[in-house]
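Below is one structure, written out as structure tokens, with a few remarks after it.
The values are calculated or read from the model by the stated rules, or taken from the named source; none is laboratory data. Everything numeric here is computed off the predicted structure, so don't read it as measured data. Glycine also receives a Cβ, built like all others from the backbone with ideal geometry; neighbour counts cover every protein chain displayed. Accessible surface is based on the protein model in full, side chains and every heavy atom, while ligands, DNA and RNA are left aside. Shrake-Rupley method; radii C 1.70, N 1.55, O 1.52, S 1.80 Å.
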Amino acid sequence: MTIIGACLVAIGLLVVIWGVIETHGVDMTNLDFLSFFTGGIIVVALGMCLIPALPPVGKVAGIWLAGVAIAWYVGCMDMELIVKLMSFVVIAGLAAWLTTKLI
């Protein structure tokens, strides 16, 4: 599991780097970049959860980092405010549930 987790972390970081290259820089309001960034951070968080030697605090931090990245991505989308708020509730609920599973 450690090797798979480490590979997923590396792949996630490569996805973020690929996003920087494809979109010609880091622009945290550009939805094209944010799709790469959010996807990469989710893969990194998944990889961190698969590494048994990583303490639970590190895994929880990865999950919440991915949650914040998803929330930022949703916040930058052109949607009604109420739809964004409903999405934030679902994101926070999922992150909280995964946190309880790890602790």
Pairwise label distance in nanometres, Leu65 with Met28, each label 7 Å out on the Cα-Cβ vector = 1.4 nm
request  = Sum up the charges of everything whose Cβ sits under 15 Å from the Cβ of Val15, counting Lys and Arg as +1 and Asp and Glu as -1, but leave Val15 out.
outcome  = -2
query = Among Val90, Val15, Val60, whose mean-square fluctuation peaks in a Gaussian network model of the chain (Cα, cutoff 10 Å)?
reply = Val90
request  = Determine the share of the chain's accessible area contributed by carbon and sulfur atoms, expressed in whole percent, with a 1.4 angstrom probe.
outcome  = 79 percent
ask   = Could you give the Stokes-Einstein D for region 1-101 in µm² per second, using the C-alpha Kirkwood radius, 4 °C, 1.567 mPa s?
value = 92 µm²/s
message = Only four residue types carry charge here, +1 at the Cβ of Lys and Arg and -1 at the Cβ of Asp and Glu. Report the dipole size of the chain about the Cα centre in Debye, rounded to the nearest 20.
response = 460 debye
Per residue accessible area in Å² of the chain, where ligands, DNA and RNA are left out and the probe is 1.4 Å = 61 Å²
inquiry  = Using +1 at the C-beta of Lys and Arg and -1 at the C-beta of Asp and Glu, which of Gly58, Leu81, Val9 has the Cα lying farthest in the positive direction of the dipole of the chain?
reply    = Gly58
Mean ellipticity per residue at 222 nm, deg cm²/dmol - from DSSP H runs of n ≥ 4 across the chain, formula -39500 (n - 2.57) = -28500 deg cm²/dmol
